[in-house]
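The values are calculated or read from the model by the stated rules, or taken from the named source; none is laboratory data. The structure displayed is predicted, hence computed values, not measured ones. With ideal geometry, Cβ positions are generated from the backbone for all residues, glycine too; neighbour counts draw on all protein chains shown. Accessible surface areas use protein heavy atoms only, side chains included; no ligands, DNA or RNA. Shrake-Rupley method; radii C 1.70, N 1.55, O 1.52, S 1.80 Å.
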Amino acid sequence: GIGTKLLNAVEDYSRNRGARRIEFDVFASNTSAIRLYERLGYEVEGAKRRAVENRYGFDDLIFMAKFLN
């Protein structure tokens, strides 16, 4: 609920200011966020393997984007 509302607000804000695209990185381990983004129309564009080291080892960064209408 809240995540969807926040992303919709970001998209409206961006669209009203002439943006055509939103892009961001998300940790591969954040699977619930990735599911939310995909449900809202964001697509995976690539990945950077073992990009960040944490206490559990390494995590990949997933590049996601969405073109705005």
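Springs join every pair of Cα atoms under 10 Å in this Gaussian network model of the chain, and among Asn54, Asn30, Asn16 the largest mean-square fluctuation is at Asn54. Working from the Cα coordinates of the chain, the gyration tensor eigenvalues give, after taking √(5λ), semi-axes of 25, 13, 10 Å in decreasing order.
Using C-alpha pairs under 8 Å with a sequence gap of at least 6, the mean separation divided by the residue count of segment 5-69 gives a relative contact order of 40 percent.
Give me the accessible area per residue for the chain, probe 1.4 Å, as a whole number in Å². Result: 76 Å² per residue.
The longest stretch of the chain left intact once loop-based trypsin sites (Lys or Arg not before Pro) with at most 11 other Cβ atoms within 10 Å are removed from consideration, loops following DSSP, is 21-54. Springs join every pair of Cα atoms under 10 Å in this Gaussian network model of the chain, and among Val44, Val52, Val26 the largest mean-square fluctuation is at Val52.
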